[in-house]
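Encoded as structure tokens, the structure appears first; notes follow it.
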Amino acid sequence: MAGAEELRQLTLSAKEKLSLGSKQLDDLDENVLAAKMKAAELPPGTEFISITPHGVSSFNETWRIETILNGQVLLYFMKSHEGDLGRRSLLGSFESEKLFHEYEPEHVPRPIAFGNYRRDPNTWFFLAVFHDMVEELPEVDKFVSIVARYHRESLGRSPGGKWGFHTETGLPFVQHDNDYQDTWESLFTNMMRKMLEEEEIVHGQDDELDELKRDLFEKVMPRLLRPMESGGRSIQPCLIHTDLWPGNLLPDVDTDRLMIYDSRAMWGHNECDLGTWRAARFTLGPAYVNEYQKQMSMSQPEGDWSDRHALYALRYEVLYAVLFPGEENLRRVFMDEIRRLVDKYPDGLDGFQGEYDEKPGREVTVYDDEKQSYSSRVEWQPSAITLHDASRPLEMGVVGA
């Protein structure tokens, strides 16, 4: 678990790291060279031209490695970091990308190797094929089709039907507890609890937040997660990326093919992969969610969809607070959202049956383009739990901008 000072130093050193690097071939450690030669099956005569800093990363050194053979240029991408944080994070990256590449070989850069430097065993690296990319928002249908496809094709294929992953993964050096669990509720509860523990390390203990967290774990999460796996309803684990924001979804300069990378994979609930799309700062909003709803059926009970989405987005709001120590307003953002959910579900799971027996409709969150804001309304229908009509996308909102 990263401490507050360690997280601060990782964040504050981001700009400094971008100035590091060299074109000297001495910077290519022997283990990196060996991994490249073995994975790429490069014959004798391959010439290594340069290694230069590339891209922007708040936590890793990132490099572009250029080689040439018989006049053909071959490019590779490498990121590296020191210490146990680096080892855990980059191992998670390698294992995640390796599995994602199996499902989407045309849209995930091919991972090559994970290891440590021979001359400095405390420095770890992750190596992949390099793709030069354009910074632009992905086309809705093109991007969503890829996400929906790997969700469908991986559905129910986790080891032993378990939820989690075989190695520790996490979001930028903030690890989450993704050990295999028998239920989605258990896994997501563990991950949320770990994320909130990290946030307390950074911003300190707060009595009001402690009370909200208790209600979140005792009332809100059982109410929104357990009904999907009880009462004759069920969900299956599928492969999820867990960090789908625009910086990780860019088109290749040469092929215009959308590349998806920097995954922190686990076997989870497909809807959880949309959590980042709810935050206005990421510019993936209603259009992307509505398109996903057209392509994928929603988990039952459908009436809970918007608040499940809010719950999944909440974890990213807590993460955002962790990554920016001293920004107390970010804590207030996720506290307000927890309070909203607690106020809406004061009876927790005990109120579930009553809600669906008594309410003739369901509450949905609607975006008003003219007012540039969100509001709630009750959508009337014969039954609160129905099969979703794919031609009529459900509506959603954005929280925690």
Q. For the pair E66 and E328, how long in nm is the line joining their label points, each one 7 Å along Cα→Cβ?
A. 5.0
**Q.** Residues of the stretch 213-227 with amide N under 15 Å of a point placed 7 Å along Cα→Cβ from D347
**A.** 219-220, 223-224
Q. Over the heavy atoms of T242, what accessible area does a 1.4 Å probe trace out, to the nearest 10 Å²?
A. 0
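Quick one: dipole size for the stretch 71-129, taken about the Cα centre, charges +1 on Lys/Arg Cβ and -1 on Asp/Glu Cβ, in debye to the nearest 20.
Values: 7 positive and 8 negative charges, 54 e Å.
Dipole of the stretch 71-129, to the nearest 20 debye: 260 debye.
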Q | Charge dipole (debye, nearest 20) of the stretch 90-170; +1 at Cβ of Lys and Arg, -1 at Cβ of Asp and Glu | A | 460
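I need the peptides 328-336, 250-258 ranked by packing, meaning the mean over residues of other C-beta atoms within 10 angstrom, with the highest value on top.
Numbers: 328-336: 16.6, 250-258: 13.9.
Most protected by this proxy first, the peptides run 328-336, 250-258.
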Q. Once phi is turned into ³J(HN,Hα) by the Karplus curve 6.51 cos²θ - 1.76 cosθ + 1.60 with θ = phi - 60°, what whole-Hz value does each residue of the stretch 64-71 show in order, with x for glycine and proline?
A. 10, 10, 10, 10, 8, 9, 6, x
Q: Return the distance in nm (one decimal) between the two label points of a simple spin-label model at E136 and R119, each offset 7 Å from Cα along Cα→Cβ.
A: 4.1
Q | Nearest-10 value in Å² for the accessible area of R226, using the 1.4 Å probe | A | 100
Q) Just the accessible area for R340, please: 1.4 Å probe, Å², rounded to the nearest 10? A) 80
Q) Hey, could you pull the Cα Rg and Dmax for the stretch 282-335, both in Å? A) 14.1, 41
Q. With all protein chains present, how much of the accessible area of the stretch 88-176 (probe radius 1.4 Å) comes from carbon and sulfur, to the nearest whole percent?
A. 48
Q) How much area per residue is accessible in the stretch 212-304 when the probe is 1.4 Å and only protein heavy atoms are counted (Å²)? A) 30
Q. Check R118: other-chain or 5+ apart residues with amide H under 5 Å from its amide H, H built from backbone geometry?
A. E30, N31, V32
Q | Separation of the E82 and E200 label points, Cα + 7 Å toward Cβ, nm | A | 3.1
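The values are calculated or read from the model by the stated rules, or taken from the named source; none is laboratory data. The structure displayed is predicted, hence computed values, not measured ones. Virtual Cβ from ideal backbone geometry, glycine too; neighbours counted across all protein chains shown. Calculation scope for accessible area: heavy atoms of the full protein, side chains included, ligands and nucleic acids excluded. Shrake-Rupley method; radii C 1.70, N 1.55, O 1.52, S 1.80 Å.
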